[in-house]
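Comments concern the structure below.
The values are calculated or read from the model by the stated rules, or taken from the named source; none is laboratory data. Worth saying up front: this structure is predicted, and the values here are computed from it rather than measured. Note that each Cβ is placed from the backbone with ideal geometry, even for glycine, and that neighbours are counted across all protein chains shown.
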Amino acid sequence: MSTDHQRYSTENQAGVIRNYAAARGIEIVRTYADEGKSGLRLDGRDALKRLIDDVQNGRADFQTVLVYDISRWGRFQDADESAYYEYICKRAGITVQ
């Protein structure tokens, strides 16, 4: 969530994602949202940690992770960290869109 730009509010992101999913016939089964948390570090990003844990431990009952913008996935200081989490999903057969 970005407090600098209203368009990045979790509410606005969720609306855009719902519209995207509906237009493509994608059913949203779960939402992982870290409202009000900085995307610079994984610390405090409990929802993202849960998502990665669900994927790694075979509890993911979804095939795709939808994000408003890849920058909403995380603005980690090391770009490889963001890519690493995406790779975990990819390795499990889950795409990130």
With the first residue restricted to the stretch 41-63 and required to be farther than 22 Å from residue 80 by Cβ, and the second required to be among the charged types (D, E, K, R) and outside any loop (DSSP other than H, G, I, E, B), Cβ contacts under 9 Å at 6 or more apart or on different chains are 59/53; 60/54; 61/54; 62/54
Criterion violated by residue 94 - all others in (1) under 24 Å from residue 15 (Cβ atoms); (2) modelled with pLDDT under 95 satisfied | (2)
Filter the stretch 43-70 down to residues that are surrounded by 12 or more Cβ atoms within 10 Å (Cβ to Cβ) and of a type in the set (Gly, Ala, Ser) and give me whichever is modelled with the lowest pLDDT.
-> 44
